[in-house]
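Novice: Here's a structure for you.
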Amino acid sequence: MTRTNIRTLIMTSVALCSSPPAFAEAADETKDIIVTGIRQAYQGDFEPRETPQSIATINSQAIVDSGALRLAEALDLNASVSRQNNLGGFFDSFAVRGFAGDENFPSNYLVNGFNGGRGFGGPRDTAGLERIEILRGPTAALYGRGEPGGTINLVTKQPIFEKLTGYVAAQYGDFDRYRGEVDANLPIGTSIAVRLIGYGEDAGSFRNRPRSDRYGFLPSVAVRLGDDTTLRYDLEWTQTRAPFDRGTIAPDGRFGLVSRKLFLGEPGDGRHKADVRGHQVQLEHKFSDDWSLLVGGSYRDTSLEGFSSDPELVRGRQKIYVDGRSLSRQRRSRDYDATHLVLRAELDGDFHLAGLRNRVLIGVDYDDFKNDQVFRRFRPPAVSSNPSDRAGYIFDILNPSYGRFPLPTPAPLTDRLDKQRATGVYLQDQITLSNAFSVRVGGRHDSFRLNALNRLTSLSQERTYNRFSPQIGAVLTASDSVSFYATYGEGFRPNLGADAAGRLFDPEYSISYEAGLKFGVLNNAFQGSLAVYTMNKRNVLVSDQVNPGAFITIGKARSRGLEFDLNGRLPGGLEALLSYAYIDAESRSNVLEPNFNLPVRIGDPLINIPRHTFAAQLAKNMDVGTTKLRIGAGVQHVGSRLGETATTFRLPAHTLVRTFANWTLSDRFELYGTVQNLFNTTWYANSFSTLFLQPGAPREATIGLRVKF
């Protein structure tokens, strides 16, 4: 979609609408609307204080206030989540409580309870999100096959039977960003409702690279099949066209060697293309007030393709270490396709046995993931051979010039197909032993099979695993406002991919402990939690810097820490969201990093994990004459963290401040605006090495108009 088309879409949509958008939790008149949301799988029917688990929720109002347009930006509102290497801006990668999973693959997350992060469909947009649930702690006994630090569940906006409502929005921002959004809820009779959500965006960048455009269509349909039965269908259809951008460089830790605006790739490579086609179907039936059944399926097809020119990482092939100006580059091509099928059924029950209340979840799920990767690469020769600038595909950082040499033709490096099939059966029972004390016991059995075909060598391999993951927890309710909990859990996650020789890896295994406090103050208008935890896992993989697409293992790792969250309304109508995390994540093995023969020692920190992170956001509504004004500000502090495995290179700490305002002019029109990075701080979002370093954006302002109907 071109910039002209997006501008036309925005202007036409605004002109056609005669009333402003009912923006989910932002408008007072929508508070009593009942959403037809089907309950979230794997969670059961529990109040937050009843669960032996730390759960943080970021609602749509907080996302809108923050100005977050991408999932990574929204997750910055919670200190337990740390940004990781994002593949040149083409996938979501994050760590929860210090553990990130596979570096060469996107972080897995759930969408309405279904696995939705696997594959290569580009970064997730925040359009259509009702809330983000950060389900922290040892929960593999239910979810299975996940990271022990926690699971992110995205809950999408659902159709509303009771009311015709919606909005269109037009937004303009610095760096020539144009964006339009539409959200229309259309009830059809009393038993069918349709929600139509879409967005389009055309944007420049603070970096001197080609423009990007993104658009998506996210409709959903809800059907009442009876008083106790609801059927829902969700479609995800998105496209991203953007340059692949590995960011800036800091050779030997020299930050600021080049401007953060300087793009080090080649515009002649064109833009990468990422596409998603996803479908979800869910059926919920309530047998009674105490028993319900949830069945559903999800199918997601993603693809990523394109060329990029990226800095060479191996020191012996990198000329910039010789003359300080000549950046040797690789040229790479990617043609990735992935399909992901998930089926599940879950029975939720509440009954008494031997005088004790039992709340059970009994479920089964099936997961079929196919990952097809064709990767090609050109790389420069060793500097010791004194190659020409053309042979080294040199970019002169002191005299930048694009198109200096013909684009090299990459040669095949990876051509493989990996298939994962898994079946899980799980059971959880929370038993109320007294009015103040309950215990939760659960377990999950997974049967897993991996088939890997290396089409370059014709090597075919297969592995199967069976694993039982137990969990046990307890909750002590001290009062209506205070509860204590403790929990223990085990988990595993199959490692996808192979080393440079084609050998498959054993799964990752984990053990986790957690204890915490949940409380409410000011008549429970302000909710808080405090948790301490420790997690250990083995067979931890990191990316092979010499052989892209391959992995190496650093053996064992441990993360332990403390987190504190507050969320609610203070006296005077001030809304507050605060989050702090202390994370000590480190290697627990002495191993030799095989790429450069660098030692990884016990106690070495894990990459991109700050010890201290803090996030806060405040907002207040006020009357201005006959209009209403909502103003607020947010701050995020991220501490220093390791920027390259097996080295001492560290990213500096940063503190970012933002402000926002929403002016409701009438029942139909709203003006809104944000200023990100108010003090124009130089910062770095994440790093893979000193030559793959993602700079954060400078100060950026946006202004927009919502028109409700």
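Novice: Rounded if a/c is under 1.5, else prolate if a/b beats b/c, else oblate: with a ≥ b ≥ c from the C-alpha gyration tensor eigenvalues square-rooted, which is segment 164-251?
Specialist: Numbers: a/c = 4.60, a/b = 2.49, b/c = 1.84.
Prolate, because a/c is 1.5 or more and a/b exceeds b/c.
Novice: Name the residue from 250, 240, 349 whose Cα lies farthest towards the positive end of the charge dipole of segment 240-358, charges +1 on Cβ of Lys and Arg and -1 on Cβ of Asp and Glu.
Specialist: 250
Novice: Among 434, 308, which comes first, then next, by fewest other beta-carbon atoms within 10 Å? Kindly include the intermediate steps, with their values, before the conclusion.
Specialist: Details: 434 9, 308 23.
Ascending Cβ contact count within 10 Å gives the list 434, 308.
Novice: Amide H neighbours of residue 604 under 5 Å, at least 5 residues apart or on other chains, H built in the peptide plane: list them.
Specialist: Excluding prolines and chain starts, which carry no amide H, the hits are 587.
Novice: Counting only residues 5 or more places away or on other chains, whose amide H sits under 5 Å from the amide H of residue 685 once H atoms are built in the peptide plane?
Specialist: The list, which skips near neighbours in sequence, is 694, 696.
Novice: List the trypsin sites (Lys or Arg not before Pro) in segment 306-343 that DSSP assigns to loop (not H, G, I, E or B) and whose Cβ has at most 15 other Cβ atoms within 10 Å. Which are they? Kindly include the intermediate steps, with their values, before the conclusion.
Specialist: Values: sites: 315, 317, 319, 325, 329, 331, 332, 334; in loops: 319, 325.
Within segment 306-343, the qualifying trypsin sites (Lys or Arg not before Pro) (loop, at most 15 other Cβ atoms within 10 Å) are 325.
Novice: Another question, then. How would you rank 604, 269, 290, 227, going from fewest to most other Cβ atoms within 10 Å of each one's own Cβ?
Specialist: On the way: 604 22, 269 19, 290 13, 227 7.
The order, fewest Cβ neighbours first, is 227, 290, 269, 604.
Novice: Summing Lys, Arg as +1 and Asp, Glu as -1, what charge do residues with Cβ under 15 Å from the Cβ of residue 394 carry, residue 394 excluded? Numbers along the way, then the final one.
Specialist: Numbers: positive: 317, 319, 325, 329, 331, 379, 390, 404; negative: 266, 310, 312, 323, 389, 396.
Summing Lys/Arg as +1 and Asp/Glu as -1 gives +2.
Novice: Right, another one. Can you compute the charge dipole magnitude of the chain about its Cα centre, using +1 on each Lys and Arg Cβ and -1 on each Asp and Glu Cβ, nothing else charged? Give it in debye, rounded to the nearest 20.
Specialist: On the way: 82 positive and 77 negative charges, 416 e Å.
It comes to approximately 2000 debye.
Novice: Apply the Karplus curve 6.51 cos²θ - 1.76 cosθ + 1.60, θ = phi - 60°, to the phi angles in segment 635-640 and return the couplings in whole Hz, x for Gly and Pro.
Specialist: 3J(HN,Hα) across segment 635-640, in whole Hz: 9, 9, 10, 10, x, 4.
Novice: Could you give each residue of segment 181-189 its phi-based ³J(HN,Hα) in whole Hz, using Karplus coefficients 6.51, -1.76, 1.60 with θ = phi - 60°, and x for Gly or Pro?
Specialist: With coefficients 6.51, -1.76 and 1.60, one gets 9, 9, 9, 10, 9, 10, x, 10, x Hz.
Novice: Pairs to check: 163/628; 370/708; 286/620; 157/620; 157/518; 163/620. Give those whose C-alpha atoms are more than 31 Å from each other in this structure. Spell out each step's value before the answer.
Specialist: On the way: 163/628 23 Å; 370/708 42 Å; 286/620 40 Å; 157/620 24 Å; 157/518 28 Å; 163/620 27 Å.
As for pairs spanning more than 31 Å Cα to Cα, those are 370/708; 286/620.
Novice: While we're looking at this one, here's another question. Please list, in order along segment 572-578, the HN-Hα scalar couplings obtained from phi with the Karplus expression 6.51 cos²θ - 1.76 cosθ + 1.60 (θ = phi - 60°), rounded to whole Hz, x for Gly and Pro.
Specialist: Those phi angles translate into x, x, 7, 8, 9, 9, 10 Hz.
Novice: With a ≥ b ≥ c the root eigenvalues of the C-alpha gyration tensor of segment 286-425, is it rounded (a/c under 1.5), prolate (a/b larger than b/c) or oblate?
Specialist: Working: a/c = 4.39, a/b = 3.36, b/c = 1.31.
Cα axes put segment 286-425 in the prolate bin.
Bear in mind these aren't lab numbers, they're just calculated from the coordinates by the rules spelled out. Remember, it's a predicted structure, so these values are computed and weren't measured experimentally. Ideal geometry is used to build each Cβ from the backbone, glycine not excepted, and the neighbour counts take in all protein chains shown.
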